[in-house]
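Scroll down for the structure; my scribbles are underneath it.
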Amino acid sequence: MSMSLTELWTILGCGLVTILSRALPFAFVKSLTIPAWLINFLSFVPITIMTALCCQSLFIANPGHLATLNVANCLAAIPATIAGVLTKSLLMVVVVGIMAMAVLRYFSIG
Amino acid sequence: MGPSLTFRAGVHDVLPTVFGYIGVGLAFGIVAHTSHLSLLVVAGLSFIVYAGSAQFIITSMLLLHDPLSAIFISTFLVNSRMILMSTSLAQYFRHESLTRNLLIGSLVTDETFALAMNKQNKTNGKLSFAWQSAANVVAYLVWGIATIVGAVLGGLITNPERFGFDFALTAMFIGLVYLQLISDRHLGLSLQLMVMLFVALVYYFMIGIMSQNFALLVATVAGCLFGMEMKKCR
């Protein structure tokens, strides 16, 4: 159990940066009137950010070249998506996804 | 997920997402252990910084002895998407006090944000302080504990990928994006599908020329602008 001074400053500094990114918008939105165009823009944030987060695990970046598919993740995403369509349950998507990935790894696929 | 907005309902609703946290939290603990971070540092990162992907980046930068300023800038860039999410989520809490707004804001994550967006589809666009706090606090505690357990187990489990746990987070986002797609009646299915395709294309082309986190931001902002234009054309 130990912590160097660099580690302490990293934790405090990064903690400050992160909490400001998170909490300041709440203070602004509370005290200012948000223009209609911004509300319109923000209405697309959920679907776009979630899609981009999914893409982050489905594509592999190759700097300087076009991205390639993360084959194992893409394959495991298929049964996970089907589970979502059939059950509309977040828990089922996660459980089926993990099981699919364990099976893929067992047979060394992807 | 039902329409109830109580603290209890929040705990119930956040539980499925906890699997994603546990998998990645354990993974982070193990990585931190192999990067020679002490349990105290792991706890500090998880409970004070509390920023999933940024914690992995901070760990690798500490290992490489990068300067503090570089670590702070990277953390800001990785977390800048939180500004978008918080601005979006804050609109549901304008009637609450400033203190309550700051309390909610200080624990918002990708996952609790996505969960809240799914939830408000079921409650006619309403969210409550009790419900959001329950989801936030459960997520926060599970994340912190999972990372510490991971760091303790670090020496024992050498290969957590074997059991597919690393896919939990991806599966969770797939589930959340699907539920968002079918339940956001405000935007509708066809418009959302077009926006998703556009975001995927932008992201695909951008990760060749910029970092993944920057590509994520560019694709998100471009997707929102594209969506606004498409909505105008309808």
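The values are calculated or read from the model by the stated rules, or taken from the named source; none is laboratory data. Only a predicted model underlies this, so the values are computations on that prediction, with no experimental measurement involved. A quick note on method: Cβ atoms are made from the backbone with ideal geometry, for glycine too, and the neighbour counts reach across all protein chains shown. Note: areas computed on protein heavy atoms with side chains; ligands, DNA, RNA excluded. Shrake-Rupley method; radii C 1.70, N 1.55, O 1.52, S 1.80 Å.
Could you give me the radius of gyration and the Dmax of the stretch A:1-50, taking only the C-alpha atoms into account and expressing both in angstrom?
Considering the stretch A:1-50 through its Cα atoms, Rg and Dmax are 16.9, 52 Å.
Ordering B:HIS12, B:HIS36 by accessible area with a probe of 1.4 Å, largest first, what comes out? Provide the component values of the computation, followed by the final result.
Working: B:HIS12 125, B:HIS36 150 Å².
I get B:HIS36, B:HIS12, largest accessible area first.
Using the structure shown, list the pairs from A:LYS88/B:LYS119; A:LYS30/A:LYS88; B:LYS119/B:LYS232 with a Cα-Cα distance above 22 Å, or answer none. Mind dumping the intermediate values first?
Details: A:LYS88/B:LYS119 13 Å; A:LYS30/A:LYS88 34 Å; B:LYS119/B:LYS232 27 Å.
Correct reply: A:LYS30/A:LYS88; B:LYS119/B:LYS232.
Identify, among B:PHE28, B:GLN212, B:VAL137, the residue whose Cα sits farthest towards the positive end of the charge dipole of chain B, taking +1 on the Cβ of Lys and Arg and -1 on the Cβ of Asp and Glu, with the dipole about the Cα centre.
Sorting the options by dipole projection puts first B:VAL137.
If I model a spin label at B:HIS36 and B:HIS65 as a point 7 Å from the Cα along the Cα→Cβ vector, what separation in nanometres do I get?
Label at B:HIS36, label at B:HIS65, 1.0 nm between them.
Along the three principal axes, how long is the protein assembly as shown when you take its alpha carbons, biggest first, rounded to the nearest angstrom?
Rounded to whole Å, the extents work out to 55, 49, 44 Å.
Below 8 Å, C-alpha to C-alpha, sequence gap of six or more: please give me the relative contact order for chain B in percent. Write out the running numbers ahead of the final one.
Values: 243 pairs, mean separation 78.2, N = 234.
Rounded, it is 33 percent for chain B.
Binning every alpha carbon pair distance of the stretch B:187-234 at 5 Å from zero, what are the percents per bin?
All Cα pairs, binned at 5 Å, distribute as 4, 26, 29, 19, 12, 7, 3 percent.
Mind checking the mean number of beta-carbon atoms from other chains within 10 Å of the Cβ atoms in A:93-106? It would help to have the intermediate numbers written out before the result.
Values: counts 10, 15, 4, 2, 11, 11, 4, 3, 10, 6, 1, 2, 7, 3.
If you average over the peptide's residues, the count of other-chain Cβ atoms is 6.
How many Å² of accessible area per residue for chain B, probe 1.4 Å? Working shown, then result.
Values: 9740 Å² over 234 residues.
It amounts to 42 Å² per residue over chain B.
Is there a simple number for the mean count of other chain Cβ atoms within 10 Å of the Cβ of residues in A:58-68, and what is it? Mind showing how you got there, number by number?
Values: counts 6, 7, 2, 10, 2, 6, 2, 3, 4, 8, 1.
The shielding value for this peptide is 5.
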